[in-house]
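Quick note: the coordinates plus some simple rules give every number you see, no bench work behind them. In this text, all values refer to a predicted model and were calculated from it rather than measured experimentally. Cβ atoms come from the backbone with ideal geometry, glycine included; neighbour counts cover every protein chain shown.
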Amino acid sequence: MKRRKNVHPVNARSLGAAAARLRRGALVAFPTETVYGLGANALDAKAVAKLFAKKGRPPDNPVIVHISDLKMLRRVAGRLPALATKLMAAFWPGPLTLLLSKKSSLPSSVTAGLDTVAVRMPQGLARDLVRLTGVPIAAPSANLSGRPSPTTAAHVSDDFPDVYVLDGGPTAHGLESTVLALDPPCVLREGAIPGDLLRKMIPGLRLPGASRKRASGGGSPAVSPGTKYTHYAPSRPLILFLRRSSLLSYSRAHPKALVLSLGSTPEEIAKNLFAALRTRRKGTELLVLAVPRRGIGRAVMDRLTRAATRIVP
Ligand code: TXA
Ligand code: MG
């Protein structure tokens, strides 16, 4: 594959260069354990404005702030409820994003004017980069607004050919973090940490399916602004089949359609999903089979349903 000038393999030099760029208000894309993020200094309103402009992100859709340690957390979030402390101990560093009360010193553009801030402590290289930079990093997924989240440096570079990208290889989970509101406890976006795992620590936790039904009846719970936008637009129309038999008969009748094979375990499917939605292989349409809505399968189905132009029972 052609080497791209804006893509830099991770080493001490590229990490140092990336941190320096972030400190001076420039944007840097970097791998996290979930997907690649497009980062900016969260305390620098001008850098955050660049981030929204670059992604084409609507200003009413807040971004996640990444921290390296609990001392840095104090720069962005106020009082921590007991449940937050318990969840941080269990899942940080890792793919769980928590809604906390926002510090007024954090630019309001980061949270789209909301009084909560979404925070997570990522694992591995992303955490190293935040630590080295020394400031909290605001980072949405590093895709143009409406495109599938990037799981490789090449995906990022396809959307942003002139952004400095740290290349750490394909990401581990392949799906974004789980976003959790705490008051009341409610999963706003399913993700790499399955809701049923969180339910073990938070009895009665509300998962998105249930809250959507409630929302129509008034008294609606908190919602994640991002989930109202069209998302994950695939390279070709995507049809989601709920049954193998309907997929088979459709593909027999439409031999030019491309059947996506994502893997055999739910984890493997999660990891391959976004790359498959960006496929350049030939085919009039993309056909994909549903997975059981259990564990990580719930998040996979959330993404597939959003990406699909049509769902066939
Ligand atoms: O795994 C991830 O979460 C990746 C990596 C880079 O960390 N980031 C990511 O960010 O997926 P993004 O911006 O693509 O998605 C953030 C989601 C959006 O749905 C947004 O609306 C929601 O989090 N969000 C952020 N701040 C919020 C807030 N204060 N209240 C409610 N939802 C919020
Ligand atoms: Mg995103």
What residues from the range 144-158 fall in the zone where the backbone N is under 12 Å from a label point 7 Å along the Cα-to-C-beta line of ARG306?
-> 145-150
Label-point gap, in nm, between LYS86 and ASP162 - each point 7 angstrom along Cα→Cβ = 5.0
Summing Lys, Arg as +1 and Asp, Glu as -1, what charge do residues with Cβ under 10 Å from the Cβ of VAL63 carry, VAL63 excluded?
-> +2
For n ≥ 4 DSSP H runs only, could you compute -39500 (n - 2.57) per run for the chain, divide by its residues and tell me the 222 nm figure to the nearest 500?
-> -9500 deg cm²/dmol
Row for the chain, column shape: gyration tensor on C-alpha, a ≥ b ≥ c, rounded if a/c < 1.5 i.e. under 1.5, prolate if a/b over b/c, else oblate; value oblate
Positive-end residue of VAL156, HIS173, PRO107, charge dipole of the range 64-203 with Cβ unit charges = PRO107
So which of LYS50/LYS102; LYS71/LYS271; LYS55/LYS282; LYS103/LYS271; LYS5/LYS54; LYS50/LYS103 end up more than 24 Å apart by C-alpha?
-> LYS71/LYS271; LYS55/LYS282; LYS103/LYS271
Relative packing of 242-255, 268-281, which averages over residues the other C-beta atoms within 10 Å, highest first = 268-281, 242-255
Scoring only Lys, Arg, Asp and Glu (+1, +1, -1, -1) among other residues with Cβ under 9 Å from the Cβ of GLY283 yields +3
How many nm separate the modelled label positions at ASP69 and ALA45, each set 7 Å beyond the Cα in the direction of the Cβ?
-> 3.0
Over the chain, calculate the relative contact order: mean separation of alpha carbon pairs under 8 Å at least 6 apart, over the residue count, as a percent.
-> 20
Arrange ARG310, ARG3, ARG303 by Cβ neighbour counts within 10 Å, fewest through most, would you?
-> ARG3, ARG310, ARG303
With the radius of gyration and the Kirkwood radius both derived from the Cα set of the range 220-313, what is their ratio Rg to Rh?
-> 0.98
For the range 90-164, give the magnitude of the charge dipole about the Cα centre (Cβ charges: +1 Lys/Arg, -1 Asp/Glu; no others), in debye to the nearest 20.
-> 320
Contact order normalised by residue count of the range 128-177, Cα under 8 Å, 6+ apart, percent | 28
Computed magnitude of the charge dipole of the chain (debye, nearest 20; Cβ of K, R +1, Cβ of D, E -1) = 420
